[in-house]
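The values are calculated or read from the model by the stated rules, or taken from the named source; none is laboratory data. Nothing here was measured: the structure is a model prediction, and the numbers come from that model. Cβ placement follows ideal geometry from the backbone for every residue including glycine, while neighbour counts extend to all protein chains displayed.
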Amino acid sequence: MRNKRAGLWIAGAVVLALLAGGGIAWAVRSGSDKPTAAPAPAASSSPAAEPTTPPPSPGADITGPLDLLLVGVDTRVSIPGWEPHADAIMLLHVERGLDSAYLYSLPRDLRVKVPGAGTRKVTEAMSRGSRVEGSEQPDVRKGYELLTRSISGYTGIRQIQAGAVLNFGGLARLTDQLGGIDLVIDQQVKSRHRKPDGSLRPLSGGDYRGPQAVYQPGRRHLVGWQAIDYARQRYGLPDGDYDRQRHQRQIVSALLTKARSQGFDTDATKVDGLVEALGDTFVYLGGRKPVEYAYALRGLLPSKITRVSLPGSSVGRGGGYLGEQLTAEGRGFLQAVARDRVAAYLAAHPGLVDK
């Protein structure tokens, strides 16, 4: 029988469902979150024994601040031997009290120092780190390790406590499992990859051809293929990848909101389908068990997660494109994250908050 208390975890755990879905399922199925009940007193004429105090819930000792990482990898990760590239890099900074957080992105082409490989685009840290000597099969966990080291060196964040790698197929499955998502589209987005009916546009002569799906501004309902398609687009947008990053954060917020509206904060049985939707599209990485972070973040509501845009610009040499760099304002935000002083920084730089 499921522990009814597990349902109370889900409000905070929905964030970790993107980062720790498998672990939540493990906890619910195994009952690992059940407190140890005091044994019934044996029939005796002696006075009844004092009841045993239940042990604290797993994760009750976790304190903030926390920094969690969500990496979206290229869908071609399913091709044998394909090195995973970090196409979407989002970080969630949870404040010391664990009841408010900030979701922000790093550009995939951000120029950072990659340990052992010099200055490169941060997306390359994932692919280079995944290489295994003497093997053609990449190791996603090794790629994640080098990626986190590169991010820590650039941002000054001393430790990323937990993270996950999710491919775009997992995003589509998760969206469909929730019955689609609702979000406010802030600008017209034309798809390079999909037709209006969701089928793939043919690639001819190095470019896509035929009718294309278009996402118009306003409140819209997106199903799985639309969510993944909307999250991928950057060409034709005024700010290119920076617009795409903002759209990806919109989708994460919409997923969290939809999950809560469907009763994930009161019905633990709904977690099973959510986890099964992710399947092998998802890899959790972290030091503590996922369910422990889920419990620690049980009070973190979607409305308490502030989405932040970090401005940047391109870097080139001799007319060639080398990557991206953040502005002084963007780097200042990262310094504030490392010191857990984000609220004060955003009060002085309100333009960074997504509208």
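For the structure I just gave you, tell me whether LEU237 is touching a Ser or Thr at 6+ places or on another chain (Cβ under 8 Å), touching a residue at least 40 places away in the same chain (Cβ under 8 Å) and not polar (S, T, N, Q). Taking the combined requirement at face value, the residue does not satisfy it.
Quick one: in the range 132-159, of everything that is part of a loop (DSSP other than H, G, I, E, B) and β-branched (Val, Ile, Thr), which residue is surrounded by the most Cβ atoms within 10 Å (Cβ to Cβ)? In this case the residue turns out to be ILE157. Within the range 160-181, if we keep just the residues that are among the β-branched types (Val, Ile, Thr) and assigned to a strand (DSSP E or B), the residue that is farthest from VAL223 (Cα to Cα) turns out to be VAL165. Residue under question is GLY81, and the condition is that it be closer than 20 Å to THR281 by Cβ, in a loop (DSSP other than H, G, I, E, B) and not hydroxyl-bearing (Ser, Thr, Tyr); does it hold? Criteria met by GLY81. Only residues that are at pLDDT 95 or above, surrounded by 18 or more Cβ atoms within 10 Å (Cβ to Cβ) and in contact with a helix residue (DSSP H, G or I) (Cβ under 7 Å, 6 or more places away or on another chain) were counted in the range 109-127, giving 6. Of all residues in the range 78-108, exactly one satisfies the criterion of being β-branched (Val, Ile, Thr) and surrounded by fewer than 20 Cβ atoms within 10 Å (Cβ to Cβ), namely ILE79.
For the range 143-168, a tally of residues being over 19 Å from PRO290 (Cα atoms) and over 14 Å from the mean Cα position of the chain (by Cα) returns 13.
Here is the figure for the range 89-120: residues that are outside any loop (DSSP other than H, G, I, E, B) and under 20 Å from the mean Cα position of the chain (by Cα) total 13.
If only residues of the range 211-254 that are small (Gly, Ala, Ser) and part of a loop (DSSP other than H, G, I, E, B) are counted, the one that is surrounded by the most Cβ atoms within 10 Å (Cβ to Cβ) is ALA213. Being assigned to a loop (DSSP other than H, G, I, E, B), surrounded by 15 or more Cβ atoms within 10 Å (Cβ to Cβ) and either touching a helix residue (DSSP H, G or I) at 6+ places or on another chain (Cβ under 9 Å) or not hydroxyl-bearing (Ser, Thr, Tyr) (or both) holds for only one residue in LEU322, LEU300, and it is LEU300.
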